[in-house]
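To keep things clear, I will list the structure first and then write my remarks on it.
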Amino acid sequence: TSTAGYDAIIQYHSDCRRTCKEVEEFMKARASIEEKYAKDLLGLSKKVCGYNEMNEPSKSCFYCAETEHVSLAHLQLEFREKQREARKKVEQQMDALHKQKALQFKKTMDSKKTYEQKCRDKEEADQNVNRNTNNTKHMDKLYAKAQQAKQNAEEADKLYQQNVSAMGKIKDEWQKEHVKACEIFEKQAMERINFLRNTVWTHVNQLSQQCVTSDELYEEVRKSLEQTDVQEDIEHFVNLRRTGDKPPGTNRGVQRISIQYSDTSRGTRV
């Protein structure tokens, strides 16, 4: 009735199921971090640095680059649920066979004990008959008891044989189902390993692609920076805000203004 091999397989799949869940939780946590990071970058990208710079080439240099959010590969819940449902059906069927096999084994062992006891009772009854051949008073009683013991032993033997036969059939059925279960579990293990491998591979590729995309955006910034000319920016500002070719004059003195007026009282003009 040992199920050590089957238990080892079930434990293996239990550990693998936990691994899938851990990877899924990791992906979700990483996606959450990436999402927050992308949203923050997107908000930052809408802010313009150096807005007061007047020169268009220079102003374009100070725009912050807008970064696109990378889409991460998640362990699909459907995949995990699909494997869980398939494994659950197999486990339920195997558990039922295990219980049936254990129950039949117990019945077989009990019938064996009963059969052995009935055989001992028969032997004891036969010995009593043989020991009391001279005592005719109890012979009929002893003989009847021996016959009953023989009949009980035969019935116990028949029941024991039936249980042994039933045990054999259950064992054969269990072995066939055990092979099928192992084949299903092996297929699931292969699918799971391939799925995890492809998921992590895709995840890493997307991270690499984001690095490439980021570098391309940064390259645009570098190209814009290469167009910046310090002297040109200064001249652009001077030409845009100039007030004249000459500086304002220094103190030129106060001009006297002659005012003529008539003094009627004196008849003179000043």
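The values are calculated or read from the model by the stated rules, or taken from the named source; none is laboratory data. None of the values given here were measured: they were computed from a predicted structure. Virtual Cβ from ideal backbone geometry, glycine too; neighbours counted across all protein chains shown. Protein only, heavy atoms only, side chains kept; ligands, DNA and RNA dropped before computing areas. Shrake-Rupley method; radii C 1.70, N 1.55, O 1.52, S 1.80 Å.
With all protein chains present, calculate the accessible area of Lys36 using a 1.4 Å probe and round the result to the nearest 10 Å².
130
Given a cut-off of 27 Å, name the pairs among Lys112/Lys150; Lys39/Lys82; Lys88/Lys113; Lys145/Lys171; Lys101/Lys180; Lys101/Lys150 whose C-alpha atoms lie farther apart than that in the structure shown.
Cα-Cα > 27 Å for Lys39/Lys82; Lys88/Lys113; Lys145/Lys171; Lys101/Lys150; rest within.
Once you put a point 7 Å from the Cα of Asn194 and another 7 Å from the Cα of Arg120, both along the Cβ direction, what distance in nm separates them?
Between Asn194 and Arg120, the label points sit 6.0 nm apart.
Pull out the extension gain between Gln231 and Met139, defined as 0.36 nm times the separation in residues minus the alpha carbon to alpha carbon distance; nm, one decimal.
19.3 nm
Can you give the convex hull volume per residue for the Cα atoms of the stretch 143-187, as a whole number of Å³?
Taking the convex hull of the Cα positions in the stretch 143-187, it is 33 Å³ per residue.
Express in nm, to one decimal, how much length is gained between Cys211 and Ser14 on full extension, taking 0.36 nm for each residue of separation and deducting their alpha carbon distance.
67.3 nm is the gain from fully extending Cys211 to Ser14.
Please report the spacing between the Cα centers of the stretch 84-138 and the stretch 18-39 in Å, no decimals.
59
Distance in nm between label sites at Val221 and Glu85, each 7 Å beyond Cα in the beta-carbon direction?
Placing both labels 7 Å beyond Cα along the Cβ direction yields 4.8 nm.
In Å, what Kirkwood hydrodynamic radius results for the stretch 107-214 from the alpha-carbon pair distances?
This gives a value of 19.8 Å.
Tell me which lysines have Cα within less than 29 Å of Lys36's Cα, excluding those fewer than 8 residues away on the same chain?
Lys21, Lys28, Lys46, Lys47, Lys59, Lys223
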